[in-house]
Amino acid sequence: MFFRSAFLTILVAMAISSPPAAADIIGDAAVSYSASQTVTVNGRTYHGKVFHNPGRHRVDVDINGIPASFILDLADRDGIVVLPALASYLEFPLPPLLSEFDRRRLDHKGVGEERVAGIRATKYRLNYAATDGTRGDGFIWLSPDNILLRIEGRILRRGHKPMVISMNLSNIQLGPQRESLFRLNKGLHKIPEEALKLLLNMGHQKSR
């Protein structure tokens, strides 16, 4: 359970979301863009593609050889995973470390200015404990338009080894993204959340 929650946290790391009525959702950029995304979890690397329109976000990535698309509506705290090769999809709740954290909890002064993927970014310290006992500890880099460009840190929970994580965006292309990217295609059938748990835990076992 901890691995699944932590993996989802970093894989959809852009979407550190607050409740629907709150403002300043971290990573809900004011601009549309696409980008390449590299996520590393305890030394295991996943390469994907990101698509973003304000309020909507999608990450395409292969998990254990199975293509998956994580689609998020940032006004909600739920996500959808589409598995095209299986003609199926499933719904999942965002882990508390995502759903409870918003930009108001950051140190607004930041700890420095850097360039990430050619974009000016402010580096912020992240140290937040969610209600389920999971803690995020590390740094995030945000652009002036609220693009979450980079993450370096750990996900901690008592009784579990720290999960070392990183996320980097590259090849960022500004411009509107097709709305169809954020909708379910017809003909997909819904499968239970346990299918995602099995898929992620298989990857965890292989990486040991």
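Looking at segment 41-73, which of its residues are without any contact (Cβ under 8 Å) to a residue 12 or more places away in the chain and part of a strand (DSSP E or B)? Hit for segment 41-73 is 45, nothing else.
Filtering segment 139-160 to residues that are of a type outside the set (Asp, Glu) and closer than 23 Å to residue 51 by Cα leaves 139, 140, 141, 142, 143, 144, 146, 147, 148, 149, 150, 151. State yes or no: is residue 177 under 29 Å from residue 67 (Cβ atoms), surrounded by 14 or more Cβ atoms within 10 Å (Cβ to Cβ) and at pLDDT 95 or above? In short, yes.
Being out of contact with any Gly (no Cβ under 8 Å at 6 or more places or on another chain), in a strand (DSSP E or B) and not hydroxyl-bearing (Ser, Thr, Tyr) is not true of residue 185.
One residue stands out in segment 180-208 among those that are polar (S, T, N, Q) and modelled with pLDDT under 85: the one that is surrounded by the fewest Cβ atoms within 10 Å (Cβ to Cβ), namely 205. Scanning segment 149-181 for residues that are among the acidic types (Asp, Glu) and closer than 23 Å to residue 113 by Cβ yields one hit, 152.
On the stretch given as segment 114-154, residues that are modelled with pLDDT of 85 or more, of a type outside the set (D, E, K, R) and surrounded by 14 or more Cβ atoms within 10 Å (Cβ to Cβ) total 18.
The values are calculated or read from the model by the stated rules, or taken from the named source; none is laboratory data. The model shown is predicted, which means the values in this text are computed figures rather than measured ones. Backbone-built Cβ (ideal geometry, glycine too); neighbour counts: all protein chains shown.
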